[in-house]
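Here's the structure we're looking at; comments come further down.
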Amino acid sequence: MSASPKSPKSNPFIRSTSNSDLSPSTLFANTAVRPQTAEEMYGAPENFLEIEVTNPITHSSGRSKYTTYDIHLSTNIPAFKLKNSVVRRRYSDFEVFRDILERESSRVNVPALPGKVFTNRFTDEVIQTRREGLERFVQIVAGHPLLQTGSKVLCAFLQDPSWDRTQWI
C-alpha cells in the first residue's frame, strides 16, 4: 500500500504561495493586538546610540594644514561612560584609532576610513565627503556589540576630550 504524496496545503513545512493566504486576517490571526502605551510611543528606546560628525574646521600650523571634526555622541548604552559627549578629532586620529581597533579586535572586521585625498583636500566638497565617511565609520564601529564590550580604545576615542593617540601606539 503506497501512500499518496501530501498536497502542499496539508504539509506544515511547505508554505503556500497563493495570495489568499496572505490576507491580513490570516497573517495576524494569532497575534494579540494591544495599543501602545505613551511610554512605548514617545519614551526613549531601550538602547539608542546617536553619533554625528559635524563642524569641520581647517587649521593652519606653519606650512601644514589639517581639518578637525566634532564627534557628538548621545546614548544610553552602559558600555559608554557618558550619556552625551562632544570631542574634536582630526583625520590622523581616526587612522590611529582604526589601527588600534584592528590590533585589539581580531574577530571584528573594522570598516575602512574614507580614502586619503592628496589634491584639493581643503575644498568644501572634499571636506564634506570626508565628514560623511567619518560619520559612517564611527556609527558602524560604535554600534558593534563586540567593540562596545571588548574595546578599551572605543570609549576613550569617542568620549575623552584629552584623548592622546601616543598613549595607544
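Please treat every number below as a calculation from the coordinates, not as lab data. Note that the coordinates shown come from a computational prediction; the quantities given were computed from them, not determined experimentally. Quick reminder, even Gly has a Cβ in these numbers, built from the backbone with ideal geometry, and neighbours come from all protein chains shown.
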* Any idea what % of Cα-Cα pairs in the range 49-167 are farther than 19 Å? -> 45 percent
* Once the piece of chain linking GLU125 and GLU46 is laid out straight, how much longer is it, given 0.36 nm per residue of separation minus the C-alpha distance between them? -> 24.8 nm
* To do: Identify all aspartates and glutamates with a Cα-Cα distance to LYS65 below 18 Å; exclude those on the same chain that are fewer than 8 residues away in sequence.
  => ASP93, GLU95, ASP124, GLU125
* How large is ³J(HN,Hα), in whole Hz, for each residue of the range 97-111 in order, when computed from phi with the Karplus curve 6.51 cos²θ - 1.76 cosθ + 1.60 and θ = phi - 60°, using x for Gly and Pro? -> 4, 5, 4, 5, 4, 4, 5, 6, 10, 5, 7, 10, 7, 6, x
* Structure fact -> By the mean-Cβ-within-10 Å protection proxy, highest first, 151-159, 49-57, 131-139 rank as 151-159, 131-139, 49-57
* To do: Treating cross-link reach as a plain straight distance, find the aspartates and glutamates whose alpha-carbon is under 19 Å from the alpha-carbon of LYS83, omitting any fewer than eight places away in the same chain.
  => GLU46, GLU50, GLU52, ASP70, GLU135, ASP160
